[in-house]
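Notes follow the structure.
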Amino acid sequence: MQKTLSLFLLLFVALGLRAASPLPIIPYPQTVEIKNGKCDAPAGFSVVNNDSAFAGDADFLSDRLAAAGRLAAANRKGRSISFRLDPSITAPEGYKLDISRKAVTISASGSAGAFYGVQTLLQLIDNCAELPCVSINDAPRYAWRGYMRDDARHFTGVESVKQLLDLMAYYKLNRFHWHLTDAQGWRIEIKKYPRLATVGGVGSHSDPDSPCAYYTQDEIHDIVRYAADRHIMIIPEIDMPGHATAANRAYPEYNGGGEGIFPDFTFNPGKEETYTFLSDILAEVAGLFPGPYIHIGGDEVAYGINAWKTDPHVLALMKREGFTDVRQCERYFMNRMISQVSHLGKTLIGWDELLDLDVDESTGIMWWRHDKPGYLVRSLTAGYPTVLCPRKPLYFDFVQHDGHTVGRVWDGFCPLGDVYAFPDPWFDSIGVTPRQQSHILGLQANAWSELLHNSRRVDFMTWPRLCAVAESAWTQAANKNFESFESRLDDAYRLFDKLGIYYFDHRDPAHHAEPAGPVIKKKSRESETDYRD
Ligand code: ACM
């Protein structure tokens, strides 16, 4: 009797603990009902799909199960995983996942929802010894769940981008902002102007003479397809009219100059040929990337704009247009590029400096200057679709621990907890109303790469902070819980270990020591700069 009682007690505690502990899923779903029992699948799983809308998602699931050794052999009956079209699921990207003892069902009204149901199921399969019976009803808080990679300062390459896209998909991130051009390198092949890649692609932030590196158009087609299979939209960025040094190295005839530590920083807004050149480039970019957006930067033009004051072509433009200030040339330049983007059938997106140029209200704004919250309020009040990516806490070139020394620290840094807490405390402190919040597209982390010169440093600065962004962008604020998130990171760390990803474990900082930063070689063509310091 005594023994039976203790057994009961043990079972009770175990059940209680199970009920209290979260499912091993990042980002955490909106509603989770844990039921009794397990769905054991000794023969593996069989994927059943009769709806063409879900064909790609079903194939993705089969491939992943096969890779994990969990797909039932052709001659064996595995536990079925079925896809079901359910038009009553109206939330964009929403899905339901039902796991019973005998079967698994993923319901969605569209392919993206089914794909996210697949990711949730894969995380449960990866992280649970036995698949629990559950009913999950889920949809994202924000439509834009993004990450920006800076391939201009240090180039990463196709395989690295694909691994990133794999992990982004696993954590339900869906926007890959690709910073492809900057002062240190031009990383995209443009057929009409080949020197952009072959000359502008030479060098990096740490070595101005490092071998030429860029993505060919064939590689870009391949990556775009790979991303689309994972429901990830790519937003290419061609930064202008500043950050143009690498392009100016290749085609000096469009150079608008710069000054001091920012030589050759701008395109020349006074030359008509500049508009032809940039319009041709944007036309090729528009053809390569099927997504609706083209990002044309627009940031930090002030670093080079003084050169325009004495440039004869700019002076001629000012005279012709009756301008009294070079800032009017910036606006003129941007307006011409904006109409080119719209002529190409794309929507413009750019950094928050665009707000000073009174751009059209359909323009997407990326609010990055955390120390200028007024720009966020302006953007939202005017109704611009706005992505939140403030330096603090969403720039991943900031360090994440007070013992770290490689990376930016600006009156604080970007620890995991701050990344996770964003954005709701900010709304309260800035006074962003619910009505203003309705214009927020979502969240994005930006991994500027001046000091992220190899995969070890890219990974270390990205993971697990990007998991925190994924949860903040997907999970409703009321369902977020940092302690629960921390406990679920153990599964992420196991995955990262398996993939050879060098992450930072904030609970055990000694686990992976901070990797050394780049040794910056003396620049032969450019002075050493950090554009955002
Ligand atoms: C930026 O960090 N210059 C957008």
Inset, instruction - May I ask you to verify whether Glu361 is at pLDDT 95 or above, farther than 20 Å from Tyr275 by Cα and open to solvent by 10 Å² or more (accessible area, probe 1.4 Å)? - result: no
Inset, instruction - Could you check how many residues of the stretch 121-162 are of a type in the set (A, V, I, L, M), under 17 Å from the mean Cα position of the chain (by Cα), surrounded by 19 or more Cβ atoms within 10 Å (Cβ to Cβ) and within 30 Å of Pro22 (Cα to Cα)? - result: 1
Inset, instruction - Out of the residues in the stretch 250-276 that are open to solvent by less than 70 Å² (accessible area, probe 1.4 Å) and among the small types (Gly, Ala, Ser), state the one that is farthest from Arg320 (Cα to Cα). - result: Ala250
Inset, instruction - Mind telling me which of the residues Ile220, Ile281, Ile238 ends up being within 16 Å of Pro194 (Cα to Cα), touching a Ser or Thr at 6+ places or on another chain (Cβ under 7 Å) and open to solvent by less than 20 Å² (accessible area, probe 1.4 Å)? - result: Ile238
Inset, instruction - Kindly establish whether Leu315 is in contact (Cβ under 8 Å) with a residue 40 or more places away in the chain and surrounded by fewer than 17 Cβ atoms within 10 Å (Cβ to Cβ). - result: yes
Legend entry - the stretch 74-86, residues that are of a type in the set (A, V, I, L, M, F, W, C), surrounded by fewer than 18 Cβ atoms within 10 Å (Cβ to Cβ) and at pLDDT 95 or above: Leu85
Legend entry - Wholly within the stretch 408-502, helices (runs of 4 or more DSSP H) carrying at least 3 residues that are more than 27 Å from Met233 (Cβ to Cβ): 424-430, 482-499
Legend entry - In the stretch 87-113, the residues that are among the charged types (D, E, K, R) and surrounded by fewer than 18 Cβ atoms within 10 Å (Cβ to Cβ): Arg101, Lys102
Inset, instruction - Output the residues belonging to the stretch 358-372 that are within 15 Å of the ligand (Cβ to nearest atom) and of a type outside the set (Gly, Ala, Ser). - result: Ile365, Met366, Trp367, Trp368, Arg369, His370, Asp371, Lys372
Inset, instruction - Would you check which residues across the stretch 373-392 are outside any helix (DSSP H, G or I) and within 12 Å of the ligand (Cβ to nearest atom) and list them? - result: Val387, Cys389, Pro390
Inset, instruction - Hey, could you check the stretch 41-61 for residues that are under 15 Å from Leu121 (Cβ atoms) and out of contact with any Ser or Thr (no Cβ under 9 Å at 6 or more places or on another chain) and say which is surrounded by the most Cβ atoms within 10 Å (Cβ to Cβ)? - result: Leu61
Inset, instruction - Any chance you could count how many residues in the stretch 239-268 are within 16 Å of the ligand (Cβ to nearest atom), on the phi > 0 side of the Ramachandran plot and either more than 31 Å from the chain's Cα centre (by Cα) or of a type in the set (Asp, Glu) (or both)? - result: 0
Legend entry - Which listed residue, of Val406, Val341, is in contact (Cβ under 8 Å) with a residue 24 or more places away in the chain, more than 25 Å from Trp463 (Cβ to Cβ), more than 16 Å from the ligand (Cβ to nearest atom) and of a type in the set (Val, Ile, Thr): Val341
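The values are calculated or read from the model by the stated rules, or taken from the named source; none is laboratory data. This structure is a prediction, so every number in the text was calculated from the model and none was measured. No Cβ is skipped: glycine too gets one built from the backbone with ideal geometry, and neighbour counts run over all protein chains shown. Accessible surface is based on the protein model in full, side chains and every heavy atom, while ligands, DNA and RNA are left aside. Shrake-Rupley method; radii C 1.70, N 1.55, O 1.52, S 1.80 Å.
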